[in-house]
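Everything below concerns the one structure shown next.
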Amino acid sequence: MNRRIIIFTIIIMTMSLIGLMGIQIYWIKNASSVKEATFRSIVNDVVIKIIYNVERLEKNKAIQINQYERMLNFTRHLPYETFITARQLDSLISLELNLKGIDTKFVFGIYKPENETFLLENSSKYRRELIDNGYANELFRSDIFSTPEYLLIYFPHEKQFLLTELWSMILISMILIIIIVYSFAYTVTIIFRQKKLSEMKNDFVNNMTHEFKTPISTISLACEALRDKDIRKREEFYENYISIIQDESRRLAGMAEKILQTAVLDKGQIKMKRERINLHEIISDVIKNIMIQVEIKDGVITKNFGAGSPFIIGDKVHLTNLVYNLLDNANKYSPKRPVIKVNTENTANGIILTIEDNGIGISKAEQKKIFDKLYRVPTGNIHDVRGFGLGLSYTKAIVEEHHGKISLESEIYKGSKFKVFLPFSEGKEFGLF
Ligand SMILES: Nc1ncnc2c1ncn2[C@@H]1O[C@H](COP(=O)(O)OP(=O)(O)O)[C@@H](O)[C@H]1O
Ligand SMILES: [Mg+2]
């Protein structure tokens with residue numbers, strides 16, 4: 001996929017998500033104000049109903065006591081304590097509120113602003129709030145000669161009460177949004193990882209084709225030459241071309257083998273033939289093989305075999321490949337005059353092999369990646385060395401197969417130092433030492 005399309009999709013997706021979140025927030029806000037309005041109107045209804053009940057109670061009481069007295073006193077209603085107690089009023093209000101589905105704590109008071117007193121109340125704790133924020137309605141409105149008195153109701157936990165009903169909605173929305181954002185981010189990282197991988201695979205195929213092309217064309221050129229009768233007649237030419245063909249086909253076979261090795265690695269089935277081997281011998285053999293290439297560049301390999309006991313249990317072929325890969329890299333990535341130091345030393349339970357070069361080095365950020373399959377440090381202008389990016393991933397797999405460890409110290413432009421630890425024997429079943 002095109003990078004631009006991916007970025008475009010990401011932007012569209014992000015914008016849609018933000019839009020969706022905005023709509024969600026808008027709806028929740030809307031729902032909360034609708035809830036608030038409903039709550040208000042319910043409470044107002046309740047207050048009106050309570051007032052009606054209180055007035056009726058007063059009237060009944062008045063009739064009961066003395067109609068005549070009531071007539072005389074027609075402008076005034078009876079004092080509250082004669083027909084209702086705070087507790088009765090409390091249960092009256094609570095009953096009404098419960099009927100309407102409101103079961104949060106409330107306080108009420110009958111307040112007379114004229115002399116700023118509470119004539120009746122169920123708690124004196126929230127007086128200020130009652131006066132400032134309570135739901136209010138006038139009592140005995142028809143009582144035109146007395147100053148107004150109000151029934152006030154206040155809900156200390158009104159906000160929380162309204163929110164609890166909304167909470168589930170908010171919570172579910174948040175969870176859904178988090179899931180979407182997470183999956184989105186995850187998908188994007190996967191896309192980029194896949195993209196990187198496919199680029200690496202492309203590089204690999206290009207490299208491979210190139211690497212195979214050279215020997216193949218050399219071989220066909222040599223064959224062409226051999227068709228020439230004159231050349232066939234001259235022994236030394238003939239021999240020369242035959243050996244060229246042989247060398248090149250060996251190179252081809254070697255490369256095919258390398259690729260096959262990693263294919264096997266992929267399936268996680270490295271065949272190991274474990275035996276007692278001398279690591280120093282292996283290293284010396286590899287050095288002998290690689291020496292020519294180093295000497296072409298006027299380089300040197302110094303060995304310092306400090307390990308007193310160089311024997312371990314391991315696979316000879318794989319360990320040879322391992323040492324070869326590390327030495328090959330040390331040579332390949334030292335463009336000037338390679339100075340390669342090979343050291344061994346013993347620890348209590350194994351051998352540490354260090355291979356140090358004075359090459360181009362590897363930056364901190366790249367150090368973690370170079371053990372990945374197909375990974376090659378982007379070449380840029382630094383070097384144009386060919387390779388498949390398979391060597392180190394194979395090397396690491398082999399080290400792990402031997403229950404060892406591989407580590408790297410490197411400074412860019414200064415050089416690299418690979419350290420491999422191999423235990424004498426990787427388990428109790430190989431108790432040869
Ligand atoms: N000794 C070294 N010095 C500098 N860079 C190295 C060294 N060894 C490995 N690298 C980097 O690590 C990458 C991976 O190495 P490897 O797996 O052997 O693949 P290849 O050698 O085929 O490119 C190389 O492409 C190179 O960029
Ligand atoms: Mg390599």
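Read-outs throughout are calculated quantities, based only on the coordinates presented, and are distinct from any laboratory measurement. All values reported here derive from a predicted model rather than from experimental measurement. Please note: Cβ atoms are built from the backbone with ideal geometry, for glycine as well, and neighbour counts cover all protein chains shown.
With the cut-off at 1.5 for a/c, could you classify the range 94-158 from its C-alpha gyration tensor as rounded, prolate or oblate? Taking the square roots of the gyration eigenvalues as a ≥ b ≥ c, the range 94-158 is oblate. Ranking of T344, T320, T147 by neighbouring Cβ atoms within 10 Å, starting from the fewest: T147, T320, T344.
Along the axis of the charge dipole computed for the range 3-156 (Cβ charges of +1 for Lys and Arg, -1 for Asp and Glu, origin at the Cα centre), the listed residues I12, L78, Q64 are led at the positive end by I12. The string of couplings for the range 354-359 from the Karplus curve (6.51, -1.76, 1.60, θ = phi - 60°) is 10, 10, 10, 10, 10, x Hz, one whole number per residue in order, with x for Gly and Pro. Under 17 Å of direct C-alpha separation, and excluding same-chain neighbours fewer than eight residues apart, K105 reaches these lysines: K125, K159.
Roughly how many debye, to the nearest 20, is the charge dipole of the range 257-389 about its Cα centre, given +1 on each Lys and Arg Cβ, -1 on each Asp and Glu Cβ, and no other charges?
About 260 debye.
Cβ-Cβ distance of K196 and S243, R₀ of 30 Å, FRET efficiency by 1/(1 + (r/R0)^6): the value works out to about 0.10. For the range 119-127, the Karplus equation 6.51 cos²θ - 1.76 cosθ + 1.60, evaluated at θ = phi - 60°, returns couplings of 7, 8, 7, 9, 6, 9, 6, 10, 4 Hz by residue, with Gly and Pro reported as x.
Loop-located chymotrypsin sites (Phe, Trp or Tyr not before Pro) across the range 1-110 with a Cβ neighbour count of 13 or fewer within 10 Å are F74, with loop assigned by DSSP.
Neighbour counts of other Cβ atoms within 10 Å put S410, S416 in the fewest-to-most order S410, S416.
Treating each Cα of the chain as one equal point scatterer and applying the Debye formula with no solvent, the log10 of I(q)/I(0) at q = 0.08, 0.11, 0.13, 0.14 Å⁻¹ comes out as -0.68, -0.98, -1.16, -1.24. In this model, which of K195/K417; K316/K417; K195/K336; K369/K405 are farther than 25 Å apart at the alpha-carbon? With Cα atoms farther than 25 Å apart: K195/K417; K195/K336. Over the chain, dividing the summed -39,500 (n - 2.57) contributions of all DSSP H runs of at least 4 residues by the number of residues returns a 222 nm mean residue ellipticity of -20000 deg cm²/dmol. In order along the range 227-238, the phi-based Karplus estimate (6.51 cos²θ - 1.76 cosθ + 1.60, θ = phi - 60°) of 3J(HN,Hα) comes to 5, 5, 5, 4, 5, 4, 6, 8, 3, 5, 5, 4 Hz; Gly and Pro are listed as x. Since only Y333, S33, Y186 are under comparison, the one whose Cα sits farthest along the positive direction of the charge dipole of the chain, derived from C-beta charges on Lys, Arg, Asp and Glu, is Y333.
What's the longest bit of the chain with no exposed GluC sites (Glu not before Pro), using DSSP loop states and at most 12 other Cβ atoms within 10 Å as the test?
Longest stretch, sites excluded: 117-433.
A Cβ-based charge dipole, computed about the Cα centre of the chain with Lys and Arg at +1 and Asp and Glu at -1, lands at about 920 debye. The spacing between the range 95-122 and the range 221-242, judged by their C-alpha centroids, is 116 Å.
For L139, the residues whose amide H sits under 5 Å from its own are E149, Y150, L151, ignoring neighbours fewer than 5 places away on the same chain, with H placed 1.01 Å from N. Scanning residues 5 or more positions from I351 or on other chains, those with amide H under 5 Å from its amide H are L422, F424, with H placed 1.01 Å from N in the peptide plane. By the rule of a C-alpha distance below 19 Å, with chain neighbours fewer than 8 residues away ignored, the aspartates and glutamates paired with K414 are D298, D328, E356, D357, E366, D384.
Helix 316-332 and the long axis of the chain differ in direction by around 90°, with both axes built from C-alpha atoms.
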